[in-house]
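These notes concern the structure reproduced below.
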Amino acid sequence: MADFDVPELKEYLEVPEPQKGVTNHLAPFVAKGAHQTDLGYPEELVDNWKEVAIEKMGDLLGKYRSLKVFLDICVHCGACTDKCHYYLGTTDANNMPVGRQELLRKVYRRYFTFAGKYFPKLVGAIDLTEEVLDDWYSYFHQCSQCRRCSVFCPYGIDTAEISMAAREIMNVVGKGQKYCNEIIGKVFKIGNNLGLPQPALADTLEGLEEDIEDDTGVKVRLPLDEKGADILLVTPSADFFAEPHVDGLMGYAKVFHEAGVSWTLSSEASEAANFGMFIGSYENMRKLALRIRKAALDLGVKRIVFGECGHAWRVAYSFLNTLAGPFDFLDQNYPIPQHICEFTYDLIKENKLRLNKEENDHMTLTFHDSCNVARGAGMGGFEGGQFVIPREVIKAVCNNFHDMNDDTIHDATFCCGGGGGLLTDDLMEIRVKGAMPRMQALRQVTEEHGVTNLAAICAICKSQFAKTLPYFGFRMDQIVSVHQLVSNAIVLKGSEQEAELDGTAGEEGDTETA
Amino acid sequence: MAIEVNGKSLEVDEEGYLADLNQWEPEVATIMAKEDGTELTDAHWEVINFLREYYEEYQIAPAVRVLTKAIGKKLGKEKGNSKYLYELFPYGPAKQACKYAGLPKPTGCV
């Protein structure tokens, strides 16, 4: 199945002996000229790339105080060394968070610190060379910016910020990553990561309306570009395209339908994802975020709700207001923006949804906390809400639920292995190896508690698991969307399911219940 | 990179997708499949032809669900599911079948 060694799942997660350079060869395709220029970067590596890189590093150090602090304060205590899923899966020393940071830190010392300028050897400072640039390109694309290491760092050093800075520097010198940059360009031109044009989107949504009606007998709408709707739903375009994502989208539609709210999708903002964050580019992140503002204004909505997308929720929850605000034109009585899980959870608490848990009895669920939700955002306005709310939603629609081991969930969650711009076929080896710690925890609950399925609220996690589960002896369809579970259980008013439950099936014209 | 089809050299990208959609001809699919060790059957062609028709209309490959539904309508309900499509195209219907059909690879979180 694979032309590389798939890590073996053991009874316990073992900390491996560090090796040198074993995944140095894993580097993604470099962006083509057009992918670069669409984002305002040079077509290819510029002649004076070293000067440009150092100048950019200086610029970032001046702009982001955190970056300078993170590069200065590491004491090499080693607390992070065994916390990265890519290190655990590859054994490459440069995938230890401190090792990864050092790749940039050594160059920083050489050009920006007194000791490094005059006594480089004494302080481990090195010149920026082509070899160093290649190492950056490899290892800063073996980091999913999941921030698990930062939870365990006594100083809170955030390797994700260092990776983002490194990627921004590489973009500015003309060595960007094809996957991320091509995708960002598509959003600018077409409106979403997939490149799904408006007519195709409209056709897809129409098909989903038909499917829901076939299943339930109820006309549930998935409106597109409807002016005057109350709610704008911004969701990852994978929800229109891939499985199990699309089952989640149908779940959101059913929830909105039952809530009796008016809502719409937008072809202008048909993408929740914001890959600008992955490449560390404030300008591109802002440009992408502004599309959502524009759509909200053009459609005249009062609220913005985000679908199941991990890093989109980080950008939305933590940065949207400063990137694309102020959102004073929205209804201030609701969270701005709101997560679909918050929306559904509120309805569940108010007893406004009729849910038949038995529809999910063929499964025993566990929940995979997506890194950007777990460590980069919140939910529900209370501490830990991002852990509680999705689980409460699952438990409200499923009878069987078991969490994975404590040290692999909540803010200690292991990344799926495909986040941060790594969800591309050219990085399959690192994706599979990085998935190992999560797969190990999954196997444990499978064996001990009979867990059959893994639910997630992130498009990347879902696609990554669909692809990597089979490498570890699982089935691709064991990954499900949280709102897919909601979709299974929800009993729509006037539906065939309602009639069946109430014993009124077959009675003409009267499906009212007491 | 390029592939040889009927004496012509057609440019492909790093992952083997045709650079110019207009250069596609049925032989392209046959040759690409052969490289993957697959012999194309009528069942494969049903999918490939549908992908090309859909692309022509919408300028994008169809969503997996759209594809399974269309195949189900054409070939019977038992074939209208992704399991059937994965049996035909083990690397994923969206990606492998698109490649054979000469369409660009779907990008994003898919």
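Looking only at residues that are surrounded by fewer than 24 Cβ atoms within 10 Å (Cβ to Cβ) and of a type outside the set (Lys, Arg) in the stretch A:180-201, which one is farthest from A:THR37 (Cα to Cα)?
A:PRO199
Looking only at the stretch B:42-61, which residues are facing chain A (nearest Cβ under 8 Å), within 15 Å of the chain's Cα centre (by Cα) and not hydrophobic (A, V, I, L, M, F, W, C)?
Listed by number, the list holds a single entry, B:GLN59.
Out of A:LEU9, A:LEU26, A:LEU45, A:LEU60, I need the residue that is among the aliphatic types (A, V, I, L, M), closer than 25 Å to A:ASN94 by Cβ and touching a His at 6+ places or on another chain (Cβ under 9 Å). Which one?
Exactly one residue qualifies, and that residue is A:LEU26.
Each row is one residue, and each column tells you yes or no for (1) of a type in the set (Val, Ile, Thr); (2) over 16 Å from A:ASN24 (Cβ atoms); (3) surrounded by 24 or more Cβ atoms within 10 Å (Cβ to Cβ); (4) outside the structural domain of A:GLU429 (by TED's automatic domain parsing).
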site: A:TYR87; (1), (2), (3), (4): no, no, yes, yes
site: A:MET96; (1), (2), (3), (4): no, no, no, yes
site: A:ALA115; (1), (2), (3), (4): no, yes, no, yes
site: A:LEU122; (1), (2), (3), (4): no, yes, no, yes
site: A:VAL132; (1), (2), (3), (4): yes, no, no, yes
site: A:HIS141; (1), (2), (3), (4): no, no, yes, yes
site: A:GLN145; (1), (2), (3), (4): no, yes, yes, yes
site: A:TYR155; (1), (2), (3), (4): no, yes, no, yes
site: A:ASP158; (1), (2), (3), (4): no, yes, no, yes
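Can you report the number of residues in the stretch A:32-56 which are in a helix (DSSP H, G or I) and farther than 22 Å from A:ILE162 by Cα?
Within the stretch A:32-56, residues that are in a helix (DSSP H, G or I) and farther than 22 Å from A:ILE162 by Cα number 4.
Return a yes/no flag: does the stretch A:474-496 have any residue that is among the basic types (Lys, Arg) and outside any loop (DSSP other than H, G, I, E, B).
No, the stretch A:474-496 has no match at all.
Does the stretch A:445-453 contain at least one residue that is in contact (Cβ under 8 Å) with a residue 40 or more places away in the chain, crowded, with 21+ Cβ neighbours inside 10 Å, more than 14 Å from chain B (Cβ to nearest Cβ) and not in a loop (DSSP other than H, G, I, E, B)?
Yes: the stretch A:445-453 contains one or more residues that are in contact (Cβ under 8 Å) with a residue 40 or more places away in the chain, crowded, with 21+ Cβ neighbours inside 10 Å, more than 14 Å from chain B (Cβ to nearest Cβ) and not in a loop (DSSP other than H, G, I, E, B).
Mind telling me which of the residues A:VAL69, A:VAL107, A:VAL75 ends up being in a loop (DSSP other than H, G, I, E, B) and either of a type outside the set (Val, Ile, Thr) or in the same structural domain as A:GLU161 (by TED's automatic domain parsing) (or both)?
A:VAL75
What is the residue count in the stretch A:110-135 for residues that are assigned to a helix (DSSP H, G or I) and either in contact with a helix residue (DSSP H, G or I) (Cβ under 8 Å, 6 or more places away or on another chain) or in contact (Cβ under 8 Å) with a residue 12 or more places away in the chain (or both)?
The total comes to 13.
Residues in the stretch A:281-317 that are within 17 Å of A:LEU423 (Cβ to Cβ) and touching a Lys or Arg at 6+ places or on another chain (Cβ under 9 Å): how many?
Here the count works out to 2.
Which residues, taken from the stretch A:232-249, are among the aliphatic types (A, V, I, L, M) and either crowded, with 24+ Cβ neighbours inside 10 Å or more than 12 Å from chain B (Cβ to nearest Cβ) (or both)?
Within the stretch A:232-249, A:LEU232, A:LEU233, A:VAL234, A:ALA238, A:ALA242, A:LEU249 meet the criteria.
I'm trying to understand the selection: among the residues of the stretch A:274-313, which are of a type in the set (D, E, K, R) and surrounded by fewer than 24 Cβ atoms within 10 Å (Cβ to Cβ)?
A:GLU283, A:ARG286, A:LYS287, A:ARG291, A:ARG293, A:LYS294, A:ASP298, A:LYS302, A:ARG303
Just checking, which of A:PHE327, A:PHE319, A:PHE343 is among the aromatic types (Phe, Trp, Tyr), farther than 26 Å from A:LYS287 by Cβ and either buried (at least 18 other Cβ atoms within 10 Å of the Cβ) or out of contact with any Gly (no Cβ under 7 Å at 6 or more places or on another chain) (or both)?
Step by step, each of A:PHE327, A:PHE319, A:PHE343 is checked, and only A:PHE343 is among the aromatic types (Phe, Trp, Tyr), farther than 26 Å from A:LYS287 by Cβ and either buried (at least 18 other Cβ atoms within 10 Å of the Cβ) or out of contact with any Gly (no Cβ under 7 Å at 6 or more places or on another chain) (or both).
Return the residues of the stretch A:395-426 that are hydrophobic (A, V, I, L, M, F, W, C), more than 17 Å from the chain's Cα centre (by Cα) and either surrounded by fewer than 22 Cβ atoms within 10 Å (Cβ to Cβ) or under 14 Å from A:SER144 (Cα atoms) (or both); say none if nothing qualifies.
A:ALA396, A:PHE401
The values are calculated or read from the model by the stated rules, or taken from the named source; none is laboratory data. All figures in this text were calculated on a predicted structure; none of them were measured in a lab. Please note: Cβ atoms are built from the backbone with ideal geometry, for glycine as well, and neighbour counts cover all protein chains shown.
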